[in-house]
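Visitor: This is the structure, below, for whatever I ask next.
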Amino acid sequence: MTDTGAQALAALLDPDHGVFTTGGFATGQGPGLDLVSPIDGELIGTVREASGHQLDSAVASARRTFSEGSWSADGAHRAKVLRRLADLVVDNAEQIAYLDAIEAGKVFTDSVAEDVEDVASNLRFFADLISRDDGRYLQGPEGWGWVRKIPVGVVGAVLPWNYPIAMLGWKVAPALAAGNAMIIKPSEDSTLSALHFAGLAQQAGVPDGILHVLTGTGPNIGEAMGLHAGIDVLTFTGSGPVGRSFLESSAKSNLKKVSLELGGRAVYIVDAEHATDFAAIAADIAGAAFGTSGQNCTASSRVIFVGDDDADFQQFREALVAVTEGLTVGDPLVEGTDIGPVINKKARDRISAWVDEAVGKGASIINTTAEVPSAGTWFPPTVIDGVPEDSELGRGEIFGPLTQLLRTSSRDEAVSAINDEAYGLASTVWCEDLGTTKWWSNRIRVGTLAVNGYSEGTVATPFGGLRQSGFWGRDNGPEALETYQETMTVWIAGN
């Protein structure tokens, strides 16, 4: 694992392959970008960012290759290429997971088993989906014709750092399946696996000019992509302020379609009247709240116990504390590690500041927090109660390994805690009574509601949020294709 991962790293850094464009890898023409590992704070290496000129060249190449039509016109060929690419991704699982571990602190075993597999599943799902697309035919007294889906053209994808390869798969699979060309900007905090993926795409047979990966910061390449008149669609997963800026950029430029997934503040509801195993529920909550060090837009950052029985609540509280204290915090490359570091010093300091403010206003940390390494950027899994609503933690998305424990006797109050938020991405309800589960599902308004176990669904289920958690479009499922296609009607007048 370490040897093949190190080889993949050297292949990208030794010649400074921070850009993948027509013809393969190249060196950026912009300023240098230091890649620092959150594991130990050490410098992994330095790559130069892409320049504005390189972005223009990539967009022009993407447009030219797309317009030639051979990629967009042959769905059967695209499906074969995507299936070959899925196989190559699986073959390179250890290299990809290694790159995400050292650069983003991802737990290696989780990346191999979940993130990389998710990419392969997405590629295969959309290869199958486009293989079954026959269009829609119409006929009437006025004439006859058909409605067909056509690719939009050039897609820009600005990726987050928390799931580097998985989020790439969520964007790339449907966009390429639909027949588009792509410009991808991975996060400057986790850019390596996207570059490695680009090399695999070339091996799989994705034509030169169809897929481009440009290393760069948001103010450099990201902002320029939002304003670029040659990009027809921009898809983004990340923060609300950046998402809003892309909507503004669309209005200022070519009115490009913009699809946004902007985070959340998920709740895990435990309906105590219909819950039989608090230890099992607590274990599920630990994965939901602390997986990826809580750096997940669907992380269960709030746990609401619904019930009046004090003994039940105390039993659940103790189970949640016990499972939290049993987590292994450490090197994400070591087998048995549950929790790795947070992404960088800025994130670690923000999480610490929010917790300190809440505690200063009366909140209490109820678990014994784990020892964490002194080097790198670490924060221990934490359960906290009594968080004031007027604190940053009481109203914001923590995006760290922390969950709040709350209690209410009213199901309606728990529903309000979700629906009255600006966010509406996802939540979980544990309720073992079918009728009451229906009650919950009829009232909670989020993009994804998991029942009796934390989940974001599968590659076949649409993922996205309501309210300020999202804007126009979904990842995953057949619905994801809608972001990357237009509807065209061909109508022939007469009989």
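Visitor: Find the residue count for region 404-435, including only residues that are more than 22 Å from Ala286 (Cβ to Cβ), more than 25 Å from the chain's Cα centre (by Cα) and not hydroxyl-bearing (Ser, Thr, Tyr).
Guide: Number satisfying all stated conditions: 7.
Visitor: Same structure, new question: Look through region 98-135, keep the residues that are small (Gly, Ala, Ser) and at pLDDT below 95, and return whichever of them is farthest from Ala166 (Cα to Cα).
Guide: For region 98-135, the residue satisfying everything is Gly135.
Visitor: Check region 43-56 and report whether any residue there is without any contact (Cβ under 8 Å) to a residue 12 or more places away in the chain and closer than 22 Å to Asp189 by Cα.
Guide: yes
Visitor: Determine if region 26-37 includes at least one residue that is in the same structural domain as Ala201 (by TED's automatic domain parsing), without any contact (Cβ under 8 Å) to a residue 24 or more places away in the chain and under 24 Å from the mean Cα position of the chain (by Cα).
Guide: yes
Visitor: Taking the condition of being in a helix (DSSP H, G or I) and not hydroxyl-bearing (Ser, Thr, Tyr), how many residues in region 179-196 meet it?
Guide: Residues in region 179-196 being in a helix (DSSP H, G or I) and not hydroxyl-bearing (Ser, Thr, Tyr): 4 in total.
Visitor: Please enumerate the residues belonging to region 350-396 that are of a type in the set (D, E, K, R), more than 20 Å from Ala282 (Cβ to Cβ) and touching a Ser or Thr at 6+ places or on another chain (Cβ under 9 Å).
Guide: Across region 350-396, the qualifying residues are Glu357, Lys361.
Visitor: Let me ask something else. If the Cβ limit is 6 Å and pairs must be 6+ apart or interchain, which residue in region 299-322 that is outside any helix (DSSP H, G or I) pairs with which residue that is of a type in the set (Lys, Arg) and surrounded by 23 or more Cβ atoms within 10 Å (Cβ to Cβ)?
Guide: From residues that are outside any helix (DSSP H, G or I), the pairs are Ser301/Arg265.
Visitor: Let me ask something else about it. Within region 169-186, track down each residue that is out of contact with any strand residue (DSSP E or B) (no Cβ under 6 Å at 6 or more places or on another chain) and either surrounded by fewer than 24 Cβ atoms within 10 Å (Cβ to Cβ) or within 22 Å of Leu481 (Cβ to Cβ) (or both).
Guide: Of everything in region 169-186, those that are out of contact with any strand residue (DSSP E or B) (no Cβ under 6 Å at 6 or more places or on another chain) and either surrounded by fewer than 24 Cβ atoms within 10 Å (Cβ to Cβ) or within 22 Å of Leu481 (Cβ to Cβ) (or both) turn out to be Gly169, Val172, Ala173, Pro174, Leu176, Ala177.
Visitor: Take Gly400 and decide whether it is within 21 Å of Ile304 (Cα to Cα), buried (at least 16 other Cβ atoms within 10 Å of the Cβ) and not assigned by TED's automatic domain parsing to the domain that holds Val154.
Guide: So Gly400 fits the description; yes.
Visitor: Counting residues that are crowded, with 22+ Cβ neighbours inside 10 Å, which strands (runs of 3 or more DSSP E) fully inside region 57-165 reach at least 2?
Guide: The strands (runs of 3 or more DSSP E) meeting that bar are 154-158.
Visitor: Also, quick follow-up: Can you name every residue in region 1-25 that is outside any strand (DSSP E or B) and within 17 Å of Asn220 (Cα to Cα)?
Guide: Selection gives Gly18 alone.
Visitor: Out of Thr324, Thr337, Thr369, report the one residue that is β-branched (Val, Ile, Thr), assigned by TED's automatic domain parsing to the domain that holds Thr408 and at pLDDT below 95.
Guide: Checking each option against the conditions leaves just Thr369.
Visitor: Something else now. What pairs come up if the first residue lies in region 455-470 and is closer than 12 Å to Trp170 by Cα, the second is crowded, with 22+ Cβ neighbours inside 10 Å and among the small types (Gly, Ala, Ser), and their beta carbons are under 6 Å apart, counting only those six or more places apart or on different chains?
Guide: Matching pairs, first to second residue: Gly464/Gly447; Gly464/Gly470.
Visitor: For region 211-221: of the residues being out of contact with any Asp or Glu (no Cβ under 9 Å at 6 or more places or on another chain) and buried (at least 24 other Cβ atoms within 10 Å of the Cβ), which is nearest to Val152 (Cα to Cα)?
Guide: Applying the filter and picking the extreme gives Leu211.
Visitor: Looking at region 275-298 only, could you name the residues that are farther than 18 Å from Thr369 by Cβ and part of a loop (DSSP other than H, G, I, E, B)?
Guide: Listed by number, the residues that qualify are Ala275, Thr276, Asp277, Asn296, Cys297, Thr298.
Visitor: Report, by residue number, each residue of region 1-35 that is more than 15 Å from Gly199 (Cα to Cα) and charged (D, E, K, R).
Guide: Listed by number, the residues that qualify are Asp3, Asp14, Asp34.
Visitor: Helices (runs of 4 or more DSSP H) wholly in region 388-492 with at least 2 residues that are touching a Cys at 6+ places or on another chain (Cβ under 7 Å) - which ones?
Guide: Where helices (runs of 4 or more DSSP H) fall fully within region 388-492 and carry at least 2 residues being touching a Cys at 6+ places or on another chain (Cβ under 7 Å), they are 434-443.
Visitor: Taking the stated definitions as given, is Gly28 small (Gly, Ala, Ser), part of a loop (DSSP other than H, G, I, E, B) and at negative phi?
Guide: Answer is yes for this residue.
Visitor: Going through Leu247, Leu227 one at a time, which residue ends up being surrounded by fewer than 24 Cβ atoms within 10 Å (Cβ to Cβ), within 30 Å of Arg302 (Cβ to Cβ) and of a type outside the set (Phe, Trp, Tyr)?
Guide: Residue meeting the stated conditions: Leu247.
Visitor: Among the residues of region 418-438, is any touching a Gly at 6+ places or on another chain (Cβ under 8 Å), modelled with pLDDT of 95 or more and within 22 Å of Ala157 (Cα to Cα)?
Guide: yes
The values are calculated or read from the model by the stated rules, or taken from the named source; none is laboratory data. Computed from a predicted model, the values in this text were never measured in an experiment. Counting neighbours? That spans all protein chains shown, and the Cβs are built from the backbone with ideal geometry, glycine included.
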